[in-house]
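Taken together, the values in this text are just the output of simple stated rules run on the coordinates, not laboratory data. Computed from a predicted model, the values in this text were never measured in an experiment. Using ideal geometry, Cβ is built from the backbone for each residue, glycine included, and neighbour counts are taken over all protein chains shown.
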Amino acid sequence: MGLAGLLGVGLGTASGLAGWMLAGAAPVSAADGEKLLDRAADRPVDRVLLAAALNHIDEQFLEPVDLERLALDGLAGLSRLDPAVSFSRAGGVLGVTVAGQGIGEFTLPVRRRPSDWADFAARVAESVRLRSPALTAAGTEAVHKAVIDGMTADLDGSSRYTTPEQAKAERSVRDGYVGIGVTVRREAERLMIADVIPDGPADRAGIRPGEALLAVDGVSIDGLEVEAVATRLAGRAGSPVQVTVGPPTATARQGRRLSLRRDRVVPRTVTAEVQDGVGIIRIERFNAATLVNLSDAIRQLKDRLGRQGRGYVLDLRGNPGGLLDQAVAVADRFVTDGTIVSTEGRHPDSLQHYDARSDDQLSGAPLVVLVDGRSASAAEVVAAALQDSGRAAVVGASSYGKGSVQTVIPLPNQGELFLTWSRIHAPSGYTLHKQGVQPSLCTSREGATAAGIVEELRSGGTIPTSTIALWQDQALSDPAALAQLRAACPKREHEPALDLEVAKALLADPALYRRALARSHRAVAAR
């Protein structure tokens, strides 16, 4: 099986590298999504949906689960929609009341089968829905969400359920969407183009941020909400759409009409610039286009820097994660051999090991990675791989410590279930879970300055990498070791400019850079 997961954000039945988040079924169209939600308002609670959720949790979650507890806690979630709903357990019977009035007693299943507990939860939830004005008004999809949220709350902080509407929005971020490639926002009475996806239909047609969107297919959009306009712009790939744009003060008649063809658009997550002879690459998150965007950015930077470049900075600060396959591919752009990452979980398909296969696109040029306390998941995979392999020096604060992979499971209602199913292990063996990545040079300590950090590196006064390695080995089972590890470089907000200042200092001094790099490499050798 390949890598089908999310780091911080795969496919339900893992079937290929592009599925795992660290997410994806084909997006439902905006119109179909609205129909799904409309139908969900009055239909009965769906036992098939609850059975799918419980079955996947039972089979794929990282640790064994108690189906009875999941089902009962899922039902208890209904109280968040209506505090007047309450439950009482007496032996094998669950009593249910709404506003103090008993509405029935339900015998708990005897067998440990997800389908039995799903039937039970659906019967109880439907009985409550029919007798609770608050639940009836909220609609069946809200009931589904309350129940499944109650179930996933028993698991971990990363497992969750997304409604059909939420799932559609998240898929567009990680997998792309079919449209014209613009982001629209309301400003006073006008709908303005806030952003244009590079090389998308709108960009190719010459539409630019700051213009007003005035009409779609010749019909004025005055007074429409952003969601309604998004629905009009959505459609099948290759289908035509006419948009009218112009200055903020223009009317639909005064704007210019442009004929476009909808296309699949993936938001760009990579930006690049040159500062002081250093190529700086920033990755905001890992989606389906990150590797392609990165490769383009590196080619552009190499052309601009020529032979005068001092090196490169890969900025992963604030990056919350994304697709695991993209994280592996990004690391593989710089690492020429050895392990990139491995994952371990309860499901056989969660046992994965990924090695570097491609050449270094930077041809060995000096590289510094920046991380902070918001760098998570897929970003941590890349930072750990580059650090452990000795390919890059890592600068900043301890990363978030989201060392798990979520498989993203399409559900029958077009919603999605995110389930943690494996832990991530860095090339040197330690798990990223709770620990995160420890920078080679820490900028988050109280009173830290670039000059002080550089001098500490020159004098060898930093914490020995062998000590860091020992703490990393012990941290998963020893709270004291974990506390020492996290305290060594606090996950604390600090001046962002300091990170880049230290990175530039390393790249300006080859001997200093080699010393920083050796700290990373010794962390692997010490194991």
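Okay, here's what the table says:
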read-out	value
Rg/Rh for segment 177-265, where both radii come from Cα atoms and Rh is the Kirkwood radius	0.91
Hypothetical label at Ala483: residues of segment 416-435 whose amide nitrogen lies under 18 Å (7 Å Cα-Cβ projection)	434-435
Label-point separation, Gln275 to Asp149 (7 Å along Cα→Cβ), nm	4.0 nm
Given charges at beta-carbon only (K, R positive; D, E negative), |dipole| of segment 25-171 in Debye	280 debye
Net lengthening on full extension, Ala188/Arg346 (0.36 nm per residue, minus Cα-Cα)	51.6 nm
Ranked packing of 363-372, 312-321, 399-408, most packed first, by mean Cβ within 10 Å	399-408, 312-321, 363-372
Contour excess over end-to-end distance, with Cα ends at Glu493 and Thr136 and 0.36 nm allotted per residue	124.0 nm
Charged-residue dipole, Cβ positions (Lys, Arg, Asp, Glu), the chain about Cα centre, Debye nearest 20	720 debye
Options Gln474, Gly373, Ala53, ranked by Cα towards positive dipole end of the chain, top entry (Cβ charges)	Gly373
Calculated FRET value between Glu105 and Asp156, using beta carbons and R₀ = 30 Å, to 0.05	0.40
Pairwise centroid distance, computed over Cα atoms, of segment 219-247 with segment 295-324, Å	35 Å
Sites matching GluC sites (Glu not before Pro) across segment 202-294 that sit in DSSP coil, with at most 13 neighbouring C-beta atoms within 10 Å	Glu225
CD proxy at 222 nm, helix term only [per DSSP H run n ≥ 4: -39500 (n - 2.57); per residue of the chain; nearest 500]	-11000 deg cm²/dmol
Arg236-Ser358 pseudo-label distance in nm [points 7 Å out on the Cα-to-Cβ vector]	3.3 nm
Prolate/oblate/rounded call for the chain, Cα gyration tensor, a/c under 1.5 rounded	oblate
Cα lying deepest toward the dipole's positive end in segment 200-274, options Gly206, Val245, Gly223, charges on Cβ	Gly206
In the chain, lysine pairs closer than 27 Å at Cα, eight or more apart or cross-chain	10
Packing-based order for 462-472, 487-497, 409-419, using average beta carbon neighbours within 10 Å, highest first	409-419, 462-472, 487-497
Linear extension gain, Arg374 paired with Arg253, 0.36 nm per residue minus alpha-carbon span	38.9 nm
Cα centroid separation - segment 45-118 against segment 433-500, whole Å	45 Å
